[in-house]
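The values are calculated or read from the model by the stated rules, or taken from the named source; none is laboratory data. Everything quoted here is computed from the prediction, not taken from an experiment. So basically every Cβ, Gly included, is an ideal-geometry build from the backbone, and we count neighbours across all protein chains shown.
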């Protein structure tokens with residue numbers, strides 16, 4: 001991933017990083033790209049699809065018991081800006 005793309009992403013997200021952090025992010029993203037290219041070379045023709053990546057007795061999860069939801073009026077008490085029962089936040093990502 002080149003520096004211009006990283007700079008554009010940081011600008012769009014309103015992030016600031018010093019040059020050392022940018023170089024580290026660039027190196028990390030380059031490593032991820034190399035790994036992803038290696039995945040594309042793997043032969044998965046005889047691999048069976050999986051439901052989960054976890055082995056073991058994952059089907060014995062707790063029962064999903066519904067709870068009473070919090071009223072929107074209670075939630076909106078903690079916000080500075082609201083409109084029509086929604087929290088208003090500033091746009092960050094383009």
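Numbers at a glance
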quantity	calculated
Condition met for residue 29 (touching a strand residue (DSSP E or B) at 6+ places or on another chain (Cβ under 7 Å) and at pLDDT 85 or above)	no
Flag for residue 54 being modelled with pLDDT under 85 and either surrounded by 10 or more Cβ atoms within 10 Å (Cβ to Cβ) or part of a loop (DSSP other than H, G, I, E, B) (or both)	yes
One residue from 42, 1 being part of a loop (DSSP other than H, G, I, E, B) and modelled with pLDDT of 85 or more	42
Residues that are over 18 Å from the mean Cα position of the chain (by Cα) and closer than 20 Å to residue 93 by Cα, drawn from segment 12-30	16, 17, 22
Enumeration of residues in segment 80-94 that are under 28 Å from residue 15 (Cα atoms) and over 24 Å from the mean Cα position of the chain (by Cα)	80, 81, 82, 83
